[in-house]
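Engineer: Pasting a structure below so you can have a look.
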């Protein structure tokens, strides 16, 4: 394929790593949970540095990239597994942000400016798409894996979901929908860009191997 000659990592290793990292286990939920609480606190106190710190440790990219790979290989099993991971992740972040806001109800809320800025925008989708290109490309080029934390910051996944939980607690339906649409646009941008990278890297023939690894990982 067009990009295949540039990718030095074995395709099988890529599939192994992506499936392993997107597995919804204790480690995944713990890191995503910590990230959610940190980002929620960042919104509460109005500190962008805290929000960025929470975004860096969130493993949310992996289920989305796993869904991209599933679409490329035309594996229904892989796509459903990835979607399950995304749905669980979404619910986990929203519930934790809601509960964190609930328990901090008496704390002075200073982060309204950040929350009100979360609105769906074409530019946000473009940023997510470009970030997804970087994430997918770095997943197939070993020495570029170090850029993933930067990608996690560039594309906003956890913050809009945290905002969903906060606005649920505040009973603000309009802003709730705005925040959720921001997440959907960002997630869509990542999935689409991941499909392009994995398609042009020649991964479309790995359906059987992918499903074999999924079975081993889920049964392990």
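Engineer: Just to be sure I understand, how many residues within the stretch 205-220 are more than 19 Å from residue 83 (Cβ to Cβ), in contact (Cβ under 8 Å) with a residue 24 or more places away in the chain and assigned to a helix (DSSP H, G or I)?
Structural biologist: 1
Engineer: From the list 197, 182, 126, exactly one residue is surrounded by fewer than 16 Cβ atoms within 10 Å (Cβ to Cβ) and at pLDDT 85 or above. Which is it? Steps first, answer last, please.
Structural biologist: Values: 197 fails: surrounded by fewer than 16 Cβ atoms within 10 Å (Cβ to Cβ); 182 fails: surrounded by fewer than 16 Cβ atoms within 10 Å (Cβ to Cβ).
Criteria check complete, one pass: 126.
Engineer: Which ones in the stretch 98-118 are modelled with pLDDT under 75, surrounded by fewer than 20 Cβ atoms within 10 Å (Cβ to Cβ) and in a loop (DSSP other than H, G, I, E, B)? I'd like the intermediate steps shown before the answer.
Structural biologist: Of the stretch 98-118, the ones modelled with pLDDT under 75 are 105-118.
When the remaining residues are screened for being surrounded by fewer than 20 Cβ atoms within 10 Å (Cβ to Cβ), the result is 105-110, 112-114, 116-117.
105, 106, 107, 108, 109, 110, 117 - these are the residues of the stretch 98-118 that are modelled with pLDDT under 75, surrounded by fewer than 20 Cβ atoms within 10 Å (Cβ to Cβ) and in a loop (DSSP other than H, G, I, E, B).
Engineer: Something else now. Which one of these is at pLDDT 75 or above and within 16 Å of the chain's Cα centre (by Cα): 134, 145?
Structural biologist: Selected residue: 134, the only one of 134, 145 that is at pLDDT 75 or above and within 16 Å of the chain's Cα centre (by Cα).
Engineer: Anything in the stretch 46-84 that is outside any helix (DSSP H, G or I) and more than 30 Å from residue 204 (Cβ to Cβ)? List them, or say none. Steps first, please.
Structural biologist: Of all residues in the stretch 46-84, those outside any helix (DSSP H, G or I) come to 46-47, 57-60, 74-75.
Correct list: 46, 47, 57.
Engineer: As an exercise: evaluate residue 83 against (1) at pLDDT 90 or above; (2) closer than 19 Å to residue 138 by Cβ and give the number of the one condition it does not meet.
Structural biologist: Looking at each condition in turn, residue 83 falls short on (2).
Engineer: Right, here's the next one. Within the set of pairs 6 or more residues apart or between chains, which connect a residue that is at positive phi inside the stretch 68-88 to a residue that is assigned to a helix (DSSP H, G or I) and surrounded by fewer than 23 Cβ atoms within 10 Å (Cβ to Cβ) with Cβ atoms less than 7 Å apart?
Structural biologist: Filtered contacts from the stretch 68-88: 74/207.
Engineer: Output the residues belonging to the stretch 70-93 that are surrounded by 23 or more Cβ atoms within 10 Å (Cβ to Cβ) and under 21 Å from residue 179 (Cβ atoms).
Structural biologist: 89, 93
The values are calculated or read from the model by the stated rules, or taken from the named source; none is laboratory data. Please read all numbers here as calculations on a predicted model, not as lab measurements. Every residue, glycine among them, receives a Cβ derived from its backbone with ideal geometry; neighbour counts consider all protein chains shown.
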